[in-house]
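Okay, so here's the structure we're looking at.
The values are calculated or read from the model by the stated rules, or taken from the named source; none is laboratory data. Note that this is a predicted model, so its numbers are computed, not measured. Here the Cβ positions follow ideal geometry from the backbone for every residue, glycine too, while neighbour counts run over all protein chains shown. Accessible surface is based on the protein model in full, side chains and every heavy atom, while ligands, DNA and RNA are left aside. Shrake-Rupley method; radii C 1.70, N 1.55, O 1.52, S 1.80 Å.
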Amino acid sequence: MTDPFDDRKPRAAAWFKELRDQIVARFESLEDSQTQGPFATQEAGRFEISETKRTADDGSDAGGGLMSVMRGGRVFEKVGVNISTVYGTLGERAQAAMAARKDLPGLKQDPRFWASGISLVAHMQNPHTPAVHMNTRMFWTPHGWWFGGGSDLNPCLEYEEDTVAFHNTLKSYCDGHDAAYYPRFKDWADRYFYIPHRHRARGVGGIFYDDLNTGDWEADFALTQDVGRAFLPAFLPTVERNRDKAFGAAEKDAQLVHRGLYAEYNLVYDRGTKFGLETGHDANAVLMSLPPLAKWV
């Protein structure tokens, strides 16, 4: 009997690659269009692309991906758009972490897994322009499958117009699938991106979901695709409103301090960071989310 996931897994991986290509092209176009503002005289940024490899404990191939990073551009100080498809067996610590979240009987006896996704983090030159995060992914084991992902906005200088527009765009894409999704995913993001030791949120939120398996793979995949499609129309208007604004030392200082907050969250709490390091993925790709410069006061 044919396993339907023999077709579904490459379809998901191909979509993440397609989304990556769209975003990389649009971000480079944005760099080219920056003809005024504080960084307009700099050379337009371009992505540096490198392959990532994951090797199993026995030395066998266990997947990999593409790491695309732009540094020192006109709009983006550092932005990474990574895709990966990894597979193999889950180690004991990864099994324990997964068992704590999901009921997966048989995982210890058969710890095979497959995972594919896209992960994006952008840290901007102009402190009036917010940092942003987006990722979507699919995870499979012989005992179950699920999707996860979302987008969230992380300004150091908050503008209500940007927050409202970002959320409204995400809501419109979610509402095309189920009107209950946006409020549920927004609340999930508010809880997930909270930093307990600072008693505050990482940013102004967005949407987040994990462990999504309604029993209808096609519907869940379609939603995950639309979460990816929503990213550019949600984020780019915010960039265009703010990228030319003048700023001084106080605004830049606020940006660096906020980046310290972002780094703390990603190193201490982020589930994707922990999973990537636990499963032996390329550390540079896993830690791509860290800002180029940050400050702690």
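Worth pointing out:
- With the convex hull of its Cα atoms as the shape, region 7-115 has an orientation-averaged projected area of 9.4 nm².
- Label-to-label distance for residue 222 and residue 168 is 2.6 nm, based on points extended 7 Å past Cα in the beta-carbon direction.
- Whole-percent carbon and sulfur share, accessible surface of region 169-297, 1.4 Å: 56 percent
- For region 154-267, the Kirkwood hydrodynamic radius comes to 15.7 Å, computed from all pairs of different C-alpha atoms.
- Computing FRET efficiency as 1/(1 + (r/R0)^6) for residue 297 and residue 246, where r is the C-beta to C-beta distance and R0 is 30 Å, gives about 0.80.
- For region 50-172, the average shadow cast by the Cα convex hull is 10.0 nm², which is a quarter of the hull's surface.
- Separation of region 228-259 from region 151-211 is 16 Å, based on Cα centroids.
- Alpha-carbon centroids, region 115-141 and region 1-62: separation in whole Å: 11 Å
- Rounded to the nearest 10 degrees, the inclination of helix 249-268 to the longest alpha-carbon principal axis of the chain is 10 degrees.
- Modelled this way, with points 7 Å down the Cα-to-C-beta line, the labels at residue 188 and residue 8 are 1.7 nm from one another.
- Building the convex hull from the alpha-carbon atoms of the chain and averaging its projection over directions returns 15.8 nm².
- Probe 1.4 Å, protein heavy atoms only - accessible area per residue of the chain in square angstrom: 45 Å²
- The stretch between residue 56 and residue 269, if pulled fully straight at 0.36 nm per residue, gains 74.2 nm over its current Cα-Cα span.
- Label point at residue 253 placed 7 Å out along Cα→Cβ; residues across region 129-157 whose backbone nitrogen lies under 18 Å: 156-157
- Calculated FRET value between residue 46 and residue 108, using beta carbons and R₀ = 30 Å, to 0.05: 0.05
- Of all DSSP beta bridges in region 1-146, antiparallel share, percent nearest 5: 100 percent
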